[in-house]
1. What's the exposure ranking of Ile188, Ile257, going from fewest to most Cβ atoms within 10 Å?
2. Taking the Cβ-Cβ separation of Leu313 and Arg260 as r and a Förster radius of 22 Å, what is the calculated FRET efficiency to the nearest 0.05?
3. Just grab the label-to-label distance for Asp216 and Gln120, each label 7 Å out from Cα along the Cβ direction, in nm (one decimal).
4. Evaluate the distance, in nm, between pseudo-label points positioned 7 Å from the Cα of Ser343 and of Trp324 along their respective Cα→Cβ axes.
5. Give the range of the longest stretch in the chain that excludes all GluC sites (Glu not before Pro) found in loop regions by DSSP and having at most 15 other beta-carbon atoms within 10 Å.
6. Test of understanding: in a Gaussian network model of the chain with alpha carbons linked when under 10 Å, which of Gly256, Gly338, Gly135 would top the mean-square fluctuation ranking?
7. Can you pull out the trypsin sites (Lys or Arg not before Pro) in the range 25-93 that DSSP calls coil and that have at most 14 other Cβ atoms within 10 Å?
8. Find out how many positive minus negative residues lie around Leu177, taking Lys and Arg as positive, Asp and Glu as negative, among other residues whose Cβ is under 11 Å from that of Leu177.
Amino acid sequence: MPGFELFGEAEREQVQQVMDTGVLMRYGFEGMRQGRWKAAEFEKALASRMQVRHAQLVSSGTAALTVALASAGVGAGDEVILPVFTFVASFEAVLALGAIPVLADIDDTLTLDPKAVEKQLTPRTKVIMPVHMCGSVADLRALKTTCTAHGLLLIEDACQAIGAIYAGKPAGSYGDLGCFSFDYVKTITCGEGGALITDNGLFYRNADQYSDHGHDHTGKDRGAEGHPFMGYNYRISELNAAIGLAQLLRLDEFLGIQERNYSILKEKLVGLPGISFRRVPETGVENYSFLSFFLPEEGVARRAHKALAEAGLDGCFYWYDNNWHYHRKWEHLKKAAGMGPLSTAVRASLLSMQNRDFSRSDYWMGRTISCLVKLGWTSDEVSARAASMASVLRKVL
Ligand SMILES: Cc1ncc(COP(=O)(O)O)c(C=O)c1O
């Protein structure tokens, strides 16, 4: 990641085709569009690549999560269990619907710990939302078992893991719904965009309508369409979809490059005393967008992070201190800092997080460094980088 590094003729050609028609909206304008429907084409290609029946494109990964939850009927007071290590978008989507985000610990997979999820179940729980952080999947089989036992939905936040695999299925396709982000820094990008995928025909129909103000998309006159329920505007534009379509057709090329670069980096670090790697759940395959590893303890991880930056090795993240990805810096969430009033139930639940103990997660995150795997590196560049990383880490270990 990220796909913008390899923008080329394919992306330019797709954009040009949209500009030639002048139709930037995904719906309507049949007479002008010369048969070009980039968003619809992208959805068809994405559903096929992800081996599901349906894909719905929207304006961002955050929108994909919001629309997925809404389409599955999540609303005021429902609880959604999600991990303490994610991007703020995961809980924002829940809050946008008046539902309640409930945080649970991660384990050495850096994703939801299924045992920690069990402890957060209440009669109000409606969804378990694992987040496949940094290119690798959660233990979906265990989470699905919990969902089945308690009548819950499994919604995968696969925004950072397109191309990863679990139990032979593409990440995002195992649960009831799966969500992707195509924002500017993702493995495939369309600038700003996202998508949800599902095999569930009802959820798909809801998503199609909800993401476009509730339009039922029947007939050819938008003004005459019905509105079965209240929706919102999460539409993607044809321009964004065109770039994304070109990038999707290159996904396997990008994954191959990521895997090569990841393997070169990892080979140099394997065997360094004190370094171990994030656990990938059984049957899981990473998309190789990050190489994540554990140092023996927090102090060493901090020193390693500093030394890597000083050696000019960019893109090595220490999430433990990051303002956006880890619960420690989510004071705004724990203080229920909304711009306007929140419902009593949401507010009470958010404030109660201040007393929660996430030391199991802190144990793993305090020792973790994740290094971005770039697409643009040549073999020589990544080999030099690997040698340099190993040398820096050897000195701090
Ligand atoms: C795990 C996760 N979920 C959701 C999102 C939101 O995606 P977007 O930026 O497209 O809204 C991101 C974006 O970084 C993410 O990393």
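1. Listed from fewest to most nearby Cβ atoms, that is Ile257, Ile188.
2. 0.75
3. It is 3.8 nm.
4. 2.9
5. 31-281
6. Gly338
7. Of the trypsin sites (Lys or Arg not before Pro), the ones in loops of the range 25-93 whose Cβ has at most 14 other Cβ atoms within 10 Å are Arg53.
8. -4
All of the numbers you see were taken from the coordinates with simple rules; none came from a lab. Because the structure is predicted, anything quoted here is derived from the model rather than measured. All Cβ positions, glycine included, derive from the backbone under ideal geometry; neighbour counts span all protein chains shown.
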